[in-house]
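Structure, as C-alpha cells:
Nothing in this text is a laboratory measurement; each read-out follows from the coordinates by a stated rule. What you see is a predicted model, and the numbers here were worked out from it, not measured in a lab. Ideal geometry is used to build each Cβ from the backbone, glycine not excepted, and the neighbour counts take in all protein chains shown.
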Amino acid sequence: MELTLQQISAMPEDSYIYVDVRSEIAYQHGHIANAVHWNGVDKITFPENKRIIVYCTYGENSIPLVGKLKKSGYDAYNLSGGYREWLVHNSEELSDEEINRYDRQIILPQVGSDGQRKLKNAKVLIIGAGGLGSPAALYLAGAGIGTIGIMDADTVSISNLQRQIIHNTENVNQNKAESAKLALQKLNNKITVNAYSYFLTAENAEEIINKYDFIIDAADNFETKFLINDVCVLQKKPFCYAGVMRFEGQVMTYVPGKYPCYRCIFEEIPESGTVTNCSQAGIIGAVAGIIGSIQALEAIKYILGIGELLIGKMFIIDGLSMETRIARFAVKNKNCKVCGEKPLIKNIKDNAEKYAVNVCKL
Ligand SMILES: [Zn+2]
C-alpha cells in the first residue's frame with residue numbers, strides 16, 4: 001500500500017506515474033516532475049498499465065484516496081512521507097537543513113520550494129535597526145531572505161530595549177547595525193547579513209539602495225523617509241514605508257508604476273520642530289512590533305508575487321481601540337515633486353542639504 005522513495009527509485013521510470021492530490025494552488029507552486037494533479041473527486045482516467053503513486057503534503061491525507069483508486073482497479077500506492085519527503089531528497093538549491101528550517105512555510109501552497117528559492121535569492125535592505133527594523137529584520141531572517149542589509153549609525157542604549165527587540169542588554173553601547181547583525185546570524189546562519197554602521201545620506205543612498213530588491217523604511221525621521229522615497233522612485237525600487245507613534249501605526253507599500261509614492265501623500269519634509277517626534281510623544285513597543293511585522297510580510301509577499309500589497313492604500317491601526325482602517329490613495333498626486341507630471345527632483349546629490357537629518361532618535 002505504501003512505497004518509499006528508495007523503493008520507487010529501483011522501479012523502471014516508465015512503470016509508474018505520480019498523482020498529486022494536494023490543492024491546485026499547491027501543485028502550481030511546485031510538484032514532483034511529471035506528476036498529474038487530481039482533486040480526489042473528479043472522474044479521471046489513469047493509465048491502467050502503470051503503477052499509480054499518490055502523494056499529499058506529508059503522506060497521510062492521500063491514504064484514503066489510494067484505497068479509492070484500488071477499489072477502481074488501479075495498482076495504487078501511497079508515497080511514504082509525501083511531497084515533503086520528496087522535497088528533502090530532490091531540492092537542488094535547498095539543503096535538507098533548509099527544508100527542515102523553512103518547513104512550515106514551504107508546505108504553504110503559496111510558497112512551496114519555488115517560493116523558498118525566491119526568498120533565498122532575494123536581497124532586502126532595512127534602513128533603521130530600531131522599533132520597526134527589529135521585528136522586520138528578525139522575521140525576514142527567519143523566513144530565509146538570502147541577503148539582508150541592515151543600516152543604523154546609532155548605538156544601543158538601555159532606553160531602546162523597551163521596543164527594539166533585536167538588541168539586548170549585553171549590546172548596550174554597541175552600534176545598532178552590528179548588534180542586529182549578530183542577532184540575525186544567531187537566528188539564521190544560512191543567510192548573508194550586511195551591516196551598515198552609518199546613516200543613509202544623499203551621498204550614499206543611491207549606491208546602497210541599488211544593491212537590493214526591496215527596501216524597508218524603518219527610519220525614525222522625515223528627512224530619511226523622504227530620501228528613501230525619492231531614491232526608490234527614481235531607481236524604480238519597491239519599498240515599504242511605516243510610521244508609529246504612541247499607540248498608533250501606519251504602513252504603506254510603493255511599487256514603481258501608477259500608484260502614489262510617500263511624497264504624493266506627505267508632499268514636503270516638515271519644518272524641524274513643527275511635528276511631535278517620538279521621544280517626546282512616546283511609543284508602545286508592541287505597536288512598533290505589529291507594524292514592523294507587517295513590513296516584513298509586505299516584503300515576503302512582494303518577493304513571492306502573492307497576495308495583495310498595500311499599494312495605493314495605507315493600513316492604519318489604533319492599538320488602544322483596536323480600530324483598523326485602510327486609507328485609499330487611488331491615484332498619484334500630479335503635483336508630486338518626484339513622480340508628478342512635472343517632477344522637480346531629478347538628482348538626489350544636488351539636493352543633499354534638504355535630506356540632512358536634524359531630528360530625534362526613535
Ligand atoms: Zn509621488
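Using DSSP to define loop residues, name the GluC sites (Glu not before Pro) in region 222-309 whose beta-carbon has at most 14 other beta-carbon atoms within 10 Å.
Details: sites: Glu223, Glu248, Glu267, Glu268, Glu271, Glu298, Glu308; in loops: Glu267, Glu268, Glu271, Glu308.
Listed in order of number, the matching sites are Glu267, Glu268, Glu271, Glu308.
Listed cross-link partners Lys43/Lys118; Lys225/Lys349; Lys123/Lys258; Lys176/Lys225; Lys236/Lys313 are compared with a 26 Å cut-off, the Cα-Cα value being larger for Lys43/Lys118. Each helix, a run of at least 4 DSSP H residues, gives -39500 (n - 2.57); summed and divided by the residues of the chain, these come to -9000 deg cm²/dmol at 222 nm. Rounded, prolate or oblate: which fits region 242-323, taking a ≥ b ≥ c as square roots of the Cα gyration tensor eigenvalues, rounded meaning a/c under 1.5, else prolate when a/b beats b/c? In terms of gyration-tensor shape, oblate. In region 70-202, one over the average inverse separation of all distinct C-alpha pairs is 16.6 Å, which is the Kirkwood hydrodynamic radius. In the calculated pair-distance distribution of region 133-257, the portion above 25 angstrom amounts to 22 percent of the Cα-Cα pairs. This ranking places Ser134, Ser159 by how few other beta-carbon atoms lie within 10 Å of each, fewest first, which gives Ser159, Ser134. Taking the C-alpha atoms only, the angle from helix 176-187 to the longest principal axis of the chain is near 10 degrees. Taking label points 7 Å from Cα along the Cα-to-Cβ direction, Asn204 and Ser293 give a separation of 3.1 nm.
The label point for Ser72 and the one for Ser321, both projected 7 Å from the Cα toward the Cβ, are 5.6 nm apart.
This ranking places His89, His37 by how few other beta-carbon atoms lie within 10 Å of each, fewest first, which gives His89, His37. In this structure, the amide hydrogen of Asn221, modeled 1.01 Å from its nitrogen in the peptide plane, lies closer than 5 angstrom to no residue at least 5 positions away or on a different chain.
Sort region 191-272 into rounded, prolate or oblate with this rule: let a ≥ b ≥ c be the square roots of the eigenvalues of the Cα gyration tensor; rounded if a/c is under 1.5, and if a/c is not under 1.5, prolate when a/b is larger than b/c, oblate otherwise.
rounded
Placing a pseudo-label 7 Å from each Cα along the Cα-to-Cβ vector at Val172 and Glu13 gives an inter-label distance of 6.4 nm.
Neighbour counts of other Cβ atoms within 10 Å put Leu140, Leu132 in the fewest-to-most order Leu140, Leu132. Overall form of region 122-355: rounded. Here a/c, set by the Cα gyration tensor axes a ≥ b ≥ c, is under 1.5. Secondary structure note: in the chain, about 35% of the DSSP beta bridges are antiparallel.
Restricting the calculation to alpha carbons of region 9-79 gives Rg and Dmax of 11.4, 31 angstrom.
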